[in-house]
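Below is one structure; the comments refer to it alone.
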Amino acid sequence: MASSSHGHRHSNGLYTFSSRPRPVENSRDPSSERAEYNYGNIMYDRRVVRGNTYARHILPTTAQPDPAETQKQIIKKRATARKQAWKQLRLTTPVALQGRKHIDVQTELYLEELSDNIVATHKECQTDAFLDKPSTPLFIPAKSGKDVGTQIEEGELFDFDREVQPVLEVLVGKTVEQALLEVMEEEELACLNAQQRAFEELRHHELAEVERLQEQERRHTEEKERRVAQQKEVLKKERETAEKIAARAYTQQYLADLLPAVFTSLRSHGYFHDPVEKDIEMNFFPWLMAEVDNILEKRYIAREMLDTIICDVTEKSLEEFQELETQSPRNWQI
């Protein structure tokens with residue numbers, strides 16, 4: 001399909017663009033789109049990562065970014081911004097008027113029927129059976145260089161009896177020297193052990209002497225403290241005895257005139273009383289008052305009864321008098 005377009009700039013500065021109508025090209029095959037999203041096997045899924053993931057270089061969170069990678073990202077962002085600016089500046093189809101809408105039309109010479117039904121066919125194939133993996137052959141490195149041979153007669157390179165003599169001298173000398181050093185070391189260790197035993201015996205003796213002196217000092221200190229405590233106890237008892245003697249003398253002096261004064265005060269306040277007077281106050285007077293109360297109560301009851309009788313008699317006399325008064329007018333009328 002071929003299409004032509006051209007632009008024209010007017011004299012007044014306006015720019016117009018026109019092109020021949022053309023159908024919208026469907027660049028994506030529906031079958032490929034369906035195959036892109038509906039995968040039957042994850043081995044063909046593009047979202048599945050393949051290969052060794054251990055060899056990937058993953059930057060830690062605290063590492064500094066790579067300058068080259070940063071520069072690539074900046075260039076990518078600039079290209080994206082440039083594309084977006086070009087899309088905004090690019091002239092597009094004007095918006096359809098009210099009541100109308102844009103549709104896709106075919107401008108080819110022969111019309112083609114468009115349909116969503118995709119023609120699909122099924123095919124099958126048979127693969128060969130799996131064969132056993134052959135054994136891995138032994139690795140033999142490739143030969144490099146050339147093989148060369150030579151002939152050596154007996155005694156040309158090495159005479160054992162002659163060559164071994166200096167080696168034996170060195171070995172025997174080193175052995176004897178090492179043995180002498182070990183003997184000297186053992187003697188030195190024995191001397192050191194003897195000195196250490198002597199030092200430990202002297203130290204034990206000094207420690208025993210120090211413990212003896214400390215024990216003697218402790219006994220002296222305890223004896224001194226015991227003597228001081230005994231002296232303090234004697235002084236305390238003497239002081240308490242003197243205080244008791246002084247208190248006894250003061251008590252005797254104070255109590256000499258106390259008993260007569262106490263008896264006099266108690267007698268004046270009535271604590272020492274006459275038995276007859278107390279018997280009259282405690283027994284006779286209460287009995288007398290109770291008898292008087294009984295007599296007065298009886299008199300009061302007799303007066304109340306007399307008043308009640310007088311009141312009843314008066315009321316009856318008044319009623320009879322009223323009846324007589326009511327009967328006398330009737331008699332006069334008759």
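Table for the structure above
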read-out: Per-residue HN-Hα couplings for region 175-192 [Karplus 6.51, -1.76, 1.60; θ = phi - 60°; Hz; x = Gly/Pro]; value: 5, 5, 4, 5, 5, 4, 4, 5, 5, 4, 5, 5, 4, 5, 5, 5, 4, 5
read-out: Accessible surface of region 125-216, 1.4 Å probe, proportion on carbon and sulfur as whole %; value: 58 percent
read-out: Derived scalar couplings ³J(HN,Hα) [region 299-306; Karplus, 6.51 cos²θ - 1.76 cosθ + 1.60; whole Hz; x for Gly, Pro]; value: 4, 5, 5, 5, 5, 5, 4, 4
read-out: Probe 1.4 Å, protein heavy atoms only - accessible area per residue of region 275-321 in square angstrom; value: 95 Å²
read-out: Reciprocal of mean inverse Cα separation for region 229-334 (Kirkwood radius, Å); value: 23.5 Å
read-out: Partners for Lys237 among lysines (Cα-Cα distance below 29 Å; same-chain residues under 8 apart left out); value: Lys224
read-out: Over region 218-287, equivalent-ellipsoid semi-axes from the Cα gyration tensor in Å; value: 61, 16, 5
read-out: Of all accessible heavy-atom area on region 275-321, the percent that carbon and sulfur account for (1.4 Å); value: 66 percent
read-out: Per-selection Rg to Rh, region 275-321 - Cα, Kirkwood hydrodynamic radius; value: 1.49
read-out: 16 Å Cα-Cα reach of Lys236 towards lysines, excluding residues that sit fewer than 8 places from it in its own chain; value: Lys244
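The values are calculated or read from the model by the stated rules, or taken from the named source; none is laboratory data. Treat the numbers as computed from the prediction; the structure is a model and nothing was measured. Ligands, DNA and RNA are excluded from the accessible area calculation, which covers all protein heavy atoms including side chains. Shrake-Rupley method; radii C 1.70, N 1.55, O 1.52, S 1.80 Å.
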